[in-house]
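To start, the structure itself, in structure tokens.
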Amino acid sequence: MELKWLEDFASLARTGNFSRSAEERHVTQSAFSRRIQALETWLGVALIDRSTYPTSLTAAGREFRETAEEAVRMLHGSRAALQASARPNQQTVAVAALHTLALSFFPGWFRQIEVRTGPLSSRLLPDEFHTCIQAVVEGGYDFLLTFHHASVPVLLDPEQFPHRVVGMDSLVAVRGAQATEEALPRLGYAQNSLLGRLSVFAQARVDEPPAAVTHVNENAMAEALKFMVIEGHGLAWLPLSLVARELAAGILIATNEAMPLEVRLYRNAGHRRAAVSAVWQAAGALADETMRDWNRSD
């Protein structure tokens, strides 16, 4: 049993609407429904009466609701207390970042941040998009580092979670240098992942009809797809920052025009520690400096 199942159930009990709760929990409705079903399977009883509209709780669901809500409150309270007692160093910042950005962007970017703030301790969570959002929304992390494109909006309250554009990247379709250009199978991500949705949009911009997706990377790790492409298994849309060296070395070949992406830093505005504020200000100054350099190079 997972804590997020209890949080999902508590949300659904409050809203009585699967789609509204899925949006509130930053997951797709199908994923949200599977998690509710997983909780019911673990308990061995039906919690939701799906024959009514709006959705209502069964007798077992009404009985379990108080237990679920109390368990969530107690667990979050205990976590907050433990984190507070284990946080003697106020110079630590916690960042949840997409796998690719944790590898290709964060190390160099954070070094430049420290040039402006002085030495900082950091805690980095490299994970997929929904997990990273949840980590920041629930208060365990100060910042979210993610890709952004207008085709896939990030549904966060801009007052509670303001953002800065801290870099630029792009999504580029690549194939292995030894692979033939004709009839290349397409390698893809899970459809509900951020890179999966971005790659579908990027492919739709290309004139030719897409080849069938023959391999799906369910954990949405672009790094795994890169090595599949290098080994000649097919074509994939990958972040340019992840494949720049291979493109320069001729190991990979770009097959279509790249789709620009922003690299965004979202902040939990409720976190006001001095280190968090210092990183936020330094990120803004660094972004302004980088933008001036880009404009001069143009």
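The values are calculated or read from the model by the stated rules, or taken from the named source; none is laboratory data. As the structure is a computational prediction, the values presented were derived from the model and not from experiment. Heads up, the Cβs are rebuilt from the backbone with ideal geometry, glycines too, and the neighbour counts pull from every protein chain shown. The accessibility values were calculated without ligands, DNA or RNA, using every heavy atom of the protein model including side chains. Shrake-Rupley method; radii C 1.70, N 1.55, O 1.52, S 1.80 Å.
Computed about its Cα centre, the charge dipole of the range 225-288 is approximately 440 debye, with only Lys, Arg, Asp and Glu carrying charge at their Cβ. Looking at the range 19-130, the accessible area is 57 square angstrom per residue; that uses a 1.4 Å probe and ignores ligands, DNA and RNA. Ranked by solvent-accessible area (1.4 Å probe, protein heavy atoms only, all chains present), the residues Y141, Y53, Y189 order from largest to smallest as Y53, Y141, Y189.
Can you bin the range 99-185 into rounded, prolate or oblate? Criterion: square roots of the alpha carbon gyration tensor eigenvalues sorted a ≥ b ≥ c, rounded for a/c under 1.5, prolate for a/b above b/c, oblate for the rest. Judged from the Cα gyration tensor, the range 99-185 comes out prolate (a/c at least 1.5, a/b above b/c).
Quick check for you: which residues of the range 1-23 have the amide N under 18 Å from the point 7 Å beyond the Cα of Y53 toward its beta carbon? Answer for this model: 15-22.
Rounded to the nearest 20, the size of the Cβ-charge dipole of the chain about its Cα centre is 680 debye, with Lys and Arg at +1 and Asp and Glu at -1. Please compute the net charge surrounding L39, taking Lys and Arg as +1 and Asp and Glu as -1 over other residues with Cβ under 11 Å from its Cβ. Summing Lys/Arg as +1 and Asp/Glu as -1 gives -1. The dipole here belongs to the range 146-207: it is taken about the Cα centre, uses +1 on the Cβ of Lys and Arg and -1 on the Cβ of Asp and Glu, and is about 80 debye.
Computing mean projected area of the Cα convex hull in nm² for the structure here picks out one of [x] 18.6; [y] 22.4; [z] 17.6, namely [x]. Counting only DSSP beta bridges with both residues in the chain, the antiparallel share comes to about 60 percent.
Each of L101, T131, A282 was placed along the dipole of the chain (beta-carbon charges, centred on the mean Cα), and the one lying farthest toward the positive end is A282.
Computed with a 1.4 Å probe on the full set of protein chains, the accessible area for S122 sits at about 60 Å². Treating r as the C-beta distance of F227 and E66 and R0 as 45 Å, the FRET efficiency rounds to 0.35. Ranking L82, L171 from most to least accessible surface, computed with a 1.4 Å probe over the protein chains only, gives L82, L171. In this structure W109 has an accessible area near 10 Å², from a 1.4 Å probe over the protein heavy atoms. The trypsin sites (Lys or Arg not before Pro) of the range 30-79 meeting both criteria, a DSSP state outside H, G, I, E and B (loop) and at most 14 other C-beta atoms within 10 angstrom of the site's C-beta, are R50. Quick one: go through the range 18-57 and flag any residue whose amide nitrogen is under 20 Å from the point 7 Å out along the Cα-to-Cβ line of E138. The answer is 20-43. Surface calculation, 1.4 Å probe, protein heavy atoms: H130 sits at approximately 40 Å² accessible.
Taking a sphere under 11 Å around the Cβ of V263 and counting the other residues whose Cβ falls inside, with K and R at +1 and D and E at -1, yields a net charge of 0.
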